[in-house]
Amino acid sequence: MLSWFLNPWMLLGGLAIASPIIIHLLNKRRFKIVQWAAMDFLFEADKKNRRRVQLENFILLMLRCLAMLLVALMFSRPFLPSSVTSVLQQAQKIERVILVDDSLSQRVLLDAEPAFDVTKRQIKEMLGELAESDRTEDWLTLMLTSNPEQPLLANEPLTKSTLPSLIEAIDDLECADQSADYTVSLLELKRYVSGQREAGGRVVYAFSDMRERDWFNALNADSDSAPNRLLTDISEQAIDCFLVDVGGANDQNLAITGVRPENLQVADKVIQFNVSVANYGTQTVNQVRVLLQIDDGQPDYEVIPSLAPGQETELAFRYVFPSDNGDASELLEGDQVKPRFKSYRVKAEIDRQSLGEDGLAADQLLEDSVGYFASRVKDGISVLLVDGDPSSASERSETHYLRSLEVAGTGMNMKVVTASELESESLSDFEVIFLCNVDEASTDRVKSLEQWVRDGGALVFMPGNRVRATTFNETFYQSGEGLSPLALDRMMGDPTMSKWVNFEIDPQIHPSLAVVVESDASSLSNVDVFSWWTSNLNSDLIGKTLSVPLRLSDKDNSPAMVDLSYGAGNVIVFTIPGDGDWTMWPSSPTFPPVMIDLVDYLVGSGAEEGVVELGGEISYPVDMSAYDSRVSLRDPQNEKVESIAKPNTTPESGGEDGDGASVLYRVNFDGVQRRGFYELGLNRHTGEEEMVLFAANVDPRESQLKRIPASALEGDFLGEKVTMVAVGGLVGQQVSGGETEIWLQILLLLFSVLVLEQVLGWYWGKKR
């Protein structure tokens with residue numbers, strides 16, 4: 001019975017019951033014996049009232065004793081277990097609402113057993129005890145943080161007969177690869193607990209590994225959506241609320257936090273993959289070996305000599321993908337074109353053997369020790385060079401220096417045409433177009449170029465002496481509405497080459513200039529420019545959609561290179577040509593690396609392509625002129641689903657492109673739930689299947705296993721009605737429901753007793 005009191009030692013105060021008894025006995029002996037003849041009459045009268053007076057005194061004595069007992073009882077804070085309250089409440093049914101954290105961090109090993117398995121065992125033991133109790137029937141609702149909107153079990157009866165099926169459902173639970181959003185989960189739990197119920201009340205159990213990242217916003221915010229505030233609100237709606245701690249202390253973890261290519265992924269070109277590794281534990285680890293594997297090839301490895309707690313480092317792996325030795329625009333059969341890229345599986349993994357015999361001492365979460373990347377390797381970069389001043393002498397050509405970049409290792413496949421031939425070229429065959437000394441094009445061609453850039457193409461202007469400013473501005477500037485972000489004004493400089501200006505590099509180094517600047521910035525700054533185009537530039541766009549990576553050292557600090565974001569593509573405008581008529585730059589050692597890196601920048605490294613977030617969707621455009629509408633997707637567990645491509649209605653979609661190509665369709669697959677590789681299967685009209693890879697990785701935040709400090713749980717963090725329970729401490733206590741303190745009722749009773757004692761004492765004393 002002492003377990004029914006929060007402060008049982010205060011019951012010792014009940015000994016104060018002796019006080020009114022002693023006072024009563026002392027008062028009883030306070031009199032003098034006086035012989036008086038008239039006493040005989042008083043004795044006779046006393047005999048008539050003695051019994052009544054004794055009864056009245058006894059009642060007053062009992063009321064005073066009861067008051068002392070009630071004071072002691074109140075300070076001992078008694079409560080009624082739900083087993084009693086349920087009887088008092090006609091054995092009301094209780095719904096057990098369980099929220100389980102099934103995020104990736106629940107795979108942390110606790111004594112070689114995943115925390116999620118510990119959670120499931122705890123729940124099963126609790127349900128077993130409840131089912132074996134003398135309760136008539138309870139209900140069970142079980143929610144998961146990975147999908148709180150759809151409870152795994154919803155208001156299911158909890159009895160001996162239903163227990164096996166409930167246990168089976170819990171046994172089938174698997175830990176997700178996703179992060180837990182406690183705000184979303186607890187909001188859904190609050191909505192559910194606040195909803196209507198048939199009868200009885202609800203007891204809430206929230207199983208958490210108490211990671212600081214999940215509760216952090218609650219530590220520093222008073223928002224109503226902070227997890228601790230939500231849990232407090234939930235506890236006010238429930239009979240009782242338990243927060244069950246199923247996390248381990250001092251968890252050690254090494255994680256692959258990123259796998260990304262640094263440069264453009266092109267065949268026959270050295271590709272550098274950067275692999276990020278972080279130590280989220282509390283101990284330094286040494287000689288950690290990291291493997292990188294391409295498809296089923298032999299893994300390469302790098303060694304981290306030492307990695308301190310909280311430290312993150314990056315390893316560089318270099319790889320050359322083989323080429324198919326063909327033009328990227330080569331026709332295969334009819335209108336079926338060669339694939340734009342080939343997909344490769346890139347997997348980085350921490351070698352557990354390098355951690356020693358007791359690898360768990362350094363890494364207790366194995367699932368984030370692997371990183372995935374879907375590499376989409378182009379067989380080449382299709383570049384179109386448009387020569388506005390062709391010459392029979394190749395060295396005098398506007399495209400001579402650019403054409404010389406088509407060498408092994410650059411990945412470029414170049415085609416040179418004249419300005420008139422541009423009109424008949426299929427723009428979709430190219431990724432980058434250089435307009436060298438070109439000032440005009442047909443209205444239709446300009447519109448198709450605009451759409452092509454808007455859809456992701458890259459256009460580079462290099463105007464020279466054949467360009468007419470008026471024509472260029474009417475064709476490409478169009479009063480600020482066209483492709484060119486600047487209007488040409490007039491040619492400036494010294495044709496005799498006796499005077500010159502130089503490049504000035506913007507402090508925000510452009511990606512195309514980074515390599516040259518880092519190696520020797522002066523080599524670029526000392527390039528001589530004898531003539532150039534002055535221009536009018538809308539400076540309000542700088543820092544928004546426009547940047548000026550290079551300027552000239554003339555008195556006006558004229559732009560030499562301008563970069564404009566245009567839809568999904570880019571427009572680059574140089575104010576100097578690509579030949580050697582106006583500048584010595586094309587013959588400078590800095591010109592080739594800048595132009596090569598410029599093309600890489602414009603095409604993009606592809607680091608974001610093929611990478612999807614867990615919980616998100618896979619979306620991919622399908623050209624119906626080349627592929628069937630039926631598309632399949634195979635997940636990391638080799639399960640296959642099919643879907644139908646539908647018309648692309650995204651705002652960036654231009655419907656038909658400038659060449660009259662068919663409308664692109666798009667296929668979408670919802671619910672990326674597992675880490676690893678996803679294979680998207682496209683079926684060509686010829687019957688061949690083309691495979692496109694996607695990679696899904698765990699959220700790096702889920703690798704941060706630091707637990708919330710115990711001090712943070714003090715005070716009002718969780719509220720008075722939330723009970724913290726350690727793992728393994730839930731079963732065997734308070735499993736029948738909530739407790740009900742009754743000190744307030746005792747206080748009211750005490751007040752009533754004191755009032756009654758005073759009223760009776762006054763009334764009987766007056767009567768006497």
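The values are calculated or read from the model by the stated rules, or taken from the named source; none is laboratory data. On a predicted model such as this, the values are computed, not experimentally measured, just so you know. Reconstructed Cβ throughout: ideal geometry from the backbone, glycine too, with neighbour counts over all protein chains shown.
Hey, can you tell me all the residues within region 245-265 that are modelled with pLDDT under 90 and of a type in the set (A, V, I, L, M)?
V246, A249, L264
Return yes when E423 is more than 41 Å from the chain's Cα centre (by Cα) and assigned to a loop (DSSP other than H, G, I, E, B) and no when it is not.
No.
All but one of (1) within 15 Å of I576 (Cα to Cα); (2) within 38 Å of the chain's Cα centre (by Cα); (3) not aromatic (F, W, Y) hold for S512; state the number of the condition that does not hold.
Unmet for S512, out of (1) within 15 Å of I576 (Cα to Cα); (2) within 38 Å of the chain's Cα centre (by Cα); (3) not aromatic (F, W, Y): (1).
Conditions tested, residue by residue: (1) at pLDDT below 80; (2) closer than 30 Å to W139 by Cβ; (3) part of a strand (DSSP E or B).
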residue: F694; (1), (2), (3): no, no, yes
residue: G715; (1), (2), (3): yes, no, no
residue: E720; (1), (2), (3): yes, yes, no
residue: Q733; (1), (2), (3): yes, yes, no
residue: L744; (1), (2), (3): yes, yes, no
residue: L748; (1), (2), (3): no, no, no
residue: F751; (1), (2), (3): no, no, no
residue: L760; (1), (2), (3): yes, no, no
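Determine whether T282 is at pLDDT below 90, hydroxyl-bearing (S, T, Y) and either out of contact with any Ser or Thr (no Cβ under 7 Å at 6 or more places or on another chain) or more than 18 Å from A348 (Cα to Cα) (or both).
yes
Scan the strands (runs of 3 or more DSSP E) fully inside region 441-531 and keep the ones with 3 or more residues being touching a strand residue (DSSP E or B) at 6+ places or on another chain (Cβ under 8 Å) and either free of Cβ contacts under 8 Å to residues at least 12 places away in the same chain or buried (at least 19 other Cβ atoms within 10 Å of the Cβ) (or both).
The qualifying strands (runs of 3 or more DSSP E) are 458-462, 486-493.
Can we say L427 is modelled with pLDDT of 95 or more and hydrophobic (A, V, I, L, M, F, W, C)?
Spelling it out, it is not the case that L427 is modelled with pLDDT of 95 or more and hydrophobic (A, V, I, L, M, F, W, C).
Residue under question is V725, and the condition is that it be within 30 Å of T282 (Cα to Cα), buried (at least 17 other Cβ atoms within 10 Å of the Cβ) and either within 24 Å of the chain's Cα centre (by Cα) or at pLDDT 75 or above (or both); does it hold?
Taking the combined requirement at face value, the residue satisfies it.
Checking V277 against (1) touching a Leu at 6+ places or on another chain (Cβ under 8 Å); (2) farther than 19 Å from V698 by Cβ, which single condition isn't satisfied?
Of (1) touching a Leu at 6+ places or on another chain (Cβ under 8 Å); (2) farther than 19 Å from V698 by Cβ, only one is false for V277: (2).
So if I check each of S525, S479, S448, S498, which one is under 23 Å from D597 (Cα atoms) and among the small types (G, A, S)?
Only one candidate qualifies: S525.
Inspect all residues belonging to region 243-266 and state whether any of them is assigned to a strand (DSSP E or B) and touching a Lys or Arg at 6+ places or on another chain (Cβ under 7 Å).
Yes, region 243-266 contains at least one residue that is assigned to a strand (DSSP E or B) and touching a Lys or Arg at 6+ places or on another chain (Cβ under 7 Å).
Of all residues being farther than 23 Å from A695 by Cβ, in contact with a Ser or Thr (Cβ under 6 Å, 6 or more places away or on another chain) and surrounded by fewer than 15 Cβ atoms within 10 Å (Cβ to Cβ) in region 638-671, which is modelled with the highest pLDDT? Just the residue, please.
I644
Could you tell me whether any residue of region 585-592 is within 29 Å of the chain's Cα centre (by Cα) and surrounded by fewer than 19 Cβ atoms within 10 Å (Cβ to Cβ)? Lay out the reasoning, then the answer.
So in region 585-592, the residues within 29 Å of the chain's Cα centre (by Cα) come out as none.
No, every residue in region 585-592 fails to be within 29 Å of the chain's Cα centre (by Cα) and surrounded by fewer than 19 Cβ atoms within 10 Å (Cβ to Cβ).
Hey, does region 564-576 have a residue that's under 37 Å from the mean Cα position of the chain (by Cα), without any contact (Cβ under 8 Å) to a residue 40 or more places away in the chain and surrounded by fewer than 18 Cβ atoms within 10 Å (Cβ to Cβ)?
Yes, that holds for at least one residue.
What number goes with the only condition from (1) surrounded by fewer than 15 Cβ atoms within 10 Å (Cβ to Cβ); (2) of a type in the set (D, E, K, R); (3) not assigned by TED's automatic domain parsing to the domain that holds G687 that D597 does not pass?
Answer for D597: the failing condition is (1).
Which residues, taken from region 160-196, are part of a loop (DSSP other than H, G, I, E, B) and exposed (fewer than 15 other Cβ atoms within 10 Å of the Cβ)?
Result: K160, S161, D172, E174, S194, G195, Q196.
Within region 253-268, track down each residue that is buried (at least 23 other Cβ atoms within 10 Å of the Cβ) and out of contact with any Phe, Trp or Tyr (no Cβ under 7 Å at 6 or more places or on another chain).
Those that are buried (at least 23 other Cβ atoms within 10 Å of the Cβ) and out of contact with any Phe, Trp or Tyr (no Cβ under 7 Å at 6 or more places or on another chain): L254, I256, L264, Q265, V266.
If a residue has to be surrounded by 15 or more Cβ atoms within 10 Å (Cβ to Cβ) and not in a strand (DSSP E or B) to count, how many in region 144-158 make the cut?
Of the residues in region 144-158, 6 are surrounded by 15 or more Cβ atoms within 10 Å (Cβ to Cβ) and not in a strand (DSSP E or B).
Select from region 362-412 the residues that are polar (S, T, N, Q) and at pLDDT 90 or above and write down the one among them that is nearest to P593 (Cα to Cα). Working first, answer last.
Initially, region 362-412 is screened for residues polar (S, T, N, Q), giving 364, 369, 375, 382, 391-392, 394, 397, 399, 404, 410.
Going one step further and asking which of them are at pLDDT 90 or above, we end up with 369, 375, 382, 399, 404.
Details: S369: 36, S375: 24, S382: 18, T399: 16, S404: 12 Å.
Top of the filtered list is S404.
When A560 is evaluated against the numbered criteria (1) assigned to a loop (DSSP other than H, G, I, E, B); (2) in contact with a Lys or Arg (Cβ under 6 Å, 6 or more places away or on another chain), which criterion, by number, is the only one it fails?
So the condition that A560 fails would be (1).
Restricting to region 389-403, name every residue that is in contact (Cβ under 8 Å) with a residue 60 or more places away in the chain, within 50 Å of the chain's Cα centre (by Cα) and surrounded by fewer than 22 Cβ atoms within 10 Å (Cβ to Cβ). Outline the logic, then answer.
Looking only at region 389-403, we keep the residues that are in contact (Cβ under 8 Å) with a residue 60 or more places away in the chain, and these are 389, 396-402.
Now narrow it down to the ones that are within 50 Å of the chain's Cα centre (by Cα): 398-402.
Matches in region 389-403: H400, Y401.
Do you know which residues across region 359-388 are of a type in the set (A, V, I, L, M) and free of Cβ contacts under 8 Å to residues at least 60 places away in the same chain?
Passing the criteria: L384, L385, V386.
For T119, all conditions in the list (1) of a type outside the set (K, R); (2) in a helix (DSSP H, G or I); (3) touching a strand residue (DSSP E or B) at 6+ places or on another chain (Cβ under 6 Å); (4) modelled with pLDDT under 80 hold save one; what is the number of the exception?
(4)
If you go through region 269-285 one residue at a time, how many are surrounded by 15 or more Cβ atoms within 10 Å (Cβ to Cβ) and more than 26 Å from the chain's Cα centre (by Cα)?
Number of matching residues: 3.
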